[in-house]
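Every number in this text was worked out from the coordinates using simple rules, so none of it is lab data. Bear in mind the structure is a predicted one, so any value in this text is a computation, not a measurement. Cβ coordinates were reconstructed from backbone atoms using ideal geometry, including for glycine residues, and neighbour counts include every protein chain displayed.
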Amino acid sequence: MAVAVCGLWGSAQAGFMEDYMTDPEDGMPDASRFLSELPLSFMPVPVVITEPAVGNGLGVVGVFFHESEEQKQQRVEGNASAILPNNISVLGLAATENGTRGAAAGHLGFWRNDTIRYRGFALVPDLNLDFYTFGGRTIDRPIELNLKGPAAIQELKFRLADSPWMMGVRQTYRQVELDLAENVQLPNPRLEQAVNRFLENHLGETTRTSGLGVLAEYDSRDNPMAPQSGLYYTANYVWYGDSIGSDVDYGSYTLEGLNYWNVNEHFNFALRMQYDGIDAGDSARLPPYISPYVDLRGVPAVRYQGKSVAVAEVEATWKATMRWRFNFFAGGGRAAENIGELSDAEVANSYGAGFRYLMARRYGMTMGIDVARGPEDTAWYIQAGSSW
């Protein structure tokens, strides 16, 4: 009896893999049919965390595609990777060796033939992060701080006529209880007095930051989830003030440009440029986690912070076959207290390489691994979809 059950179970597994996890065009592993033909399907994305700022860890993210029957039929009939699902939902859990842990949920909506787009994420993190910058002063050795509390971000955008331009609003909320991580003591004799005073003024506090702003976006990418060609440029300004529930008054702004060029059938080239800034009179009044930082693969989060941050990164991809792709990337960033000091700021460089496998041909979705070398260490990342 047990042998018969095992045989039936093995046959069922083999049948499922053949029917839903294999592409009939080339016989290779592919999740397209699983995602587009089953009533409730999702792509589990394993997350191996090697972020130097929080240490090694594990997590998992479930990506759910919600499509109309018409969209499903289009994917069944052929390659329709440029067709966006009506909605995409994500759920995730993660934890690392330094005690960091958290849960997140998100939703992407592409409504009314992609004339309206919505993006919303909610997080409940408990983070232990190494900080080097306090009130505009940078120290040689980091102080590990614990940040816990809910956070949320939402965007609603409307397309202008039939153009690639979209305009919209952005809303953010974060409530952070800030304290020292375990086994960290203050006052610390190796820190200058101003840094000790800054930390003592902020530790043990729960601070709410609530912001509301506007954004403009230009998007001509062929597939927002895994672009091969096209441009994506966005600008936003968010104001934080007590009239909308914020304990801290300041403004933040971001200018970002992503450029993708499909040189030929085997070669792609991409360029990312980003500038982040905050408008605040007194840095000493801002909690240390508010200032933007250099965000690059291989560079620890919040390692290089300032009120003005600029980043540039290039990536070249060689498509060896339809399924397998190999990428090479390099970038650099600077952080300073104002834009005039950026040219003299320390440069944080990183470089690396990785690979991608076309996991869902109908959606153009890829998965793979990147290995990056930064100023201090080497890290590797499991990537799903676009690098940026």
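Observations, loosely collected:
- Scanning residues 5 or more positions from Arg362 or on other chains, those with amide H under 5 Å from its amide H are Ser32, with H placed 1.01 Å from N in the peptide plane.
- Computed on the range 256-298, with alpha-carbon pairs under 8 angstrom and 6+ residues apart, the relative contact order is 29 percent.
- Cα gyration tensor category, rounded, prolate or oblate, for the range 120-200 with a/c compared to 1.5: prolate
- Residues in the range 265-280 carry Karplus couplings, in order, of 5, 10, 9, 10, 9, 9, 9, 10, 10, 8, 10, 10, x, 10, 10, 8 Hz; the curve used is 6.51 cos²θ - 1.76 cosθ + 1.60 with θ = phi - 60°, and Gly or Pro positions show x.
- In this structure the amide hydrogen of Val61, modeled in the peptide plane, comes within under 5 Å of the amide hydrogens of Val45, Val47, none closer than 5 places in sequence on its chain.
- Relative contact order %, the range 94-384, counting alpha carbon pairs below 8 Å whose residues are six or more apart: 11 percent
- 0 to 90° range, to nearest 10: angle between helix 2-20 axis and the chain longest Cα axis: 80 degrees
- Modelled FRET efficiency - R0 25 Å, Tyr357 with Asp114, Cβ distances, 0.05 increments: 0.35
- Between the alpha-carbon centres of the range 308-337 and the range 226-270 there is a gap of 15 Å.
- Estimated vicinal HN-Hα couplings, Hz - the range 103-118 in sequence order (Karplus 6.51, -1.76, 1.60; Gly, Pro = x): 10, 8, 9, x, 8, 10, x, 10, 10, 6, 6, 6, 8, 10, 10, 10
- Most fluctuating residue given options His266, His107, His202, as computed from a GNM of the chain linking Cα atoms under 10 Å: His266
- Difference of contour (0.36 nm per residue) and Cα-Cα distance, Val314 to Arg197: 38.1 nm
- MRE, 222 nm, helices only [DSSP H, n ≥ 4, -39500 (n - 2.57), over the chain, to nearest 500]: -3500 deg cm²/dmol
- At R0 = 25 Å, FRET efficiency that the Cβ-Cβ distance of Asp377 and Phe326 yields, to 0.05: 0.60
- Prolate/oblate/rounded call for the range 275-367, Cα gyration tensor, a/c under 1.5 rounded: prolate
- Rounded to 10°, Cα long-axis angle of helix 193-202 versus longest principal axis of the chain: 60 degrees
- Segment Asp344-Glu265, length gained on full extension (0.36 nm per residue, minus Cα span): 24.4 nm
- Computed extension length for Leu160-Val214: 17.9 nm, one decimal, from 0.36 nm per residue of separation with the Cα-Cα distance subtracted.
- Label of the coordinate-derived value, semi-axes √(5λ) of the Cα gyration tensor in Å, listed as (i) 39, 25, 22; (ii) 103, 26, 16; (iii) 39, 31, 19: (i)
- The label point for Val60 and the one for Leu255, both projected 7 Å from the Cα toward the Cβ, are 4.4 nm apart.
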